[in-house]
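Shown next, in structure tokens, is the structure this report addresses.
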Amino acid sequence: MTPDPFWLVFHPHPSKPTFTPPAGAVDAHCHVFGPGAQFPYAPERKYTPCDASKYQLFSLRDFLGFSRNVIVQATCHGSDNRALVDALKVSHGLARGVATVNRDISDRELRDLHEAGVRGTRFNFVRRLVDFTPREVLMEIAQRIAPLGWHVVVYFEAADLPELWDFFTSLPTTVVVDHMGRPDVAKPVDGPEFERFVRLLREHPNVWSKVSCPERLSVSGPRALDGERHPYRDVVPFARRLVETFPDRVLWGTDWPHPNLKDHMPDDGLLVDFIPDIAITPELQQKLLVDNPMRLYWGD
Ligand code: 0GY
């Protein structure tokens, strides 16, 4: 299948990070795309990506010095989780998954997903990626997956948080927010918008955040002015604040193969070098990269 025109392909030769992740580190947000010939993209998808296989993902994992992956079902596969499940099965227990499920999924299918390594479902509120699903349908799904010990991953734009607040805070599971709720990093880190997001975590101990995707949020871009490996500097205060305020409820991921980027494709090695700028002690790095994802995804 031909990717969309102007589709940016993941970096062909990422640099070796200077930061060495702690033993057992988990890349807790990444995807597989197809391959489309084996696992066709969903008819209702909003984009057609380049293929990005499980083997490419696992070899990037090893190259970057990570041990495990959490693979999140990408919207281009809709609720057909076959590519995800295939990757989990081939990973020999080194990958867990977050699936997309519909309300008509059977108990048997849910159990099969769990058996394959799925531990969560994702609710996506980003309008360019998915069609609207009524809240009562999502709540019904959340109630179905809660007894399995799964959590809900939510993806939304910062401006939509006020409207989504009541729904998020009534979910009966752990709730993991993608990419810090997509803050506008041109605004102050202690301004009302990000303060609202911090309050969500402060008031609701079941809410976690991924401190991922500086490449999507940054205005200044990857390179520091001095040319050193301190990438995406304008995103650092936001991620660092979350890591230091909620050290036991943060996760980090590459977001490989980086769907829908328009201006640049990140060097995954440089993304890893973002980590010591946001988790500045070995203790915080251990929680962010090992203890937290292991508890959430391999805790059973
Ligand atoms: C991400 C971000 C995006 C896409 C998806 O499932 C997806 O299609 O998550 C995006 O376009 O912002 O987390 O991968």
Rounded to the nearest whole number, the per residue volume of the convex hull around the C-alpha atoms of segment 58-187 in Å³ is 129
Net charge (Lys, Arg +1; Asp, Glu -1) of residues whose beta-carbon lies under 13 Å from that of Arg108, Arg108 excluded, is -3
A correct Stokes-Einstein calculation for the chain, using the alpha-carbon Kirkwood radius, 10 °C and 1.306 mPa s, returns a whole-number D in µm² s⁻¹ of 83
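Under the classification rounded if a/c is under 1.5, otherwise prolate if a/b is larger than b/c and oblate if not, where does segment 4-122 fall, given a ≥ b ≥ c as square roots of the Cα gyration tensor eigenvalues? The partial results should precede the final answer.
On the way: a/c = 2.33, a/b = 1.25, b/c = 1.87.
Judged from the Cα gyration tensor, segment 4-122 comes out oblate (a/c at least 1.5, b/c at or above a/b).
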With +1 on the Cβ of every Lys and Arg and -1 on the Cβ of every Asp and Glu, the dipole magnitude of the chain about its Cα centre, in debye rounded to the nearest 20, is 280
Other residues with Cβ under 14 Å from the Cβ of Phe167 give, with Lys and Arg +1 and Asp and Glu -1, a net charge of -4
Residue-normalised value, i.e. accessible area per residue, for the chain at 1.4 Å probe, in Å², stands at 42
For Lys16, counting only lysines whose alpha-carbon sits under 25 Å away and dropping same-chain residues fewer than eight positions off, the answer is Lys54, Lys210, Lys262, Lys287
Dipole check, the chain, charges on Cβ (K,R +1; D,E -1), about Cα centroid: among Gly93, Thr133, Leu57 the Cα furthest to the positive pole belongs to Gly93
Karplus-derived 3J(HN,Hα) from phi for segment 7-22 (6.51 cos²θ - 1.76 cosθ + 1.60, θ = phi - 60°), whole Hz, x at Gly and Pro, runs 5, 8, 7, 4, 4, x, 9, x, 7, 6, x, 7, 7, 9, x, x
So the carbon and sulfur contribution to the accessible area of segment 1-159, 1.4 Å probe, in percent, is 55
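The values are calculated or read from the model by the stated rules, or taken from the named source; none is laboratory data. All of these numbers come straight from a predicted model, not from anything done at the bench. Virtual Cβ from ideal backbone geometry, glycine too; neighbours counted across all protein chains shown. For the accessible areas, the whole protein counts, side chains as well, though only heavy atoms, and no ligand, DNA or RNA atoms are used. Shrake-Rupley method; radii C 1.70, N 1.55, O 1.52, S 1.80 Å.
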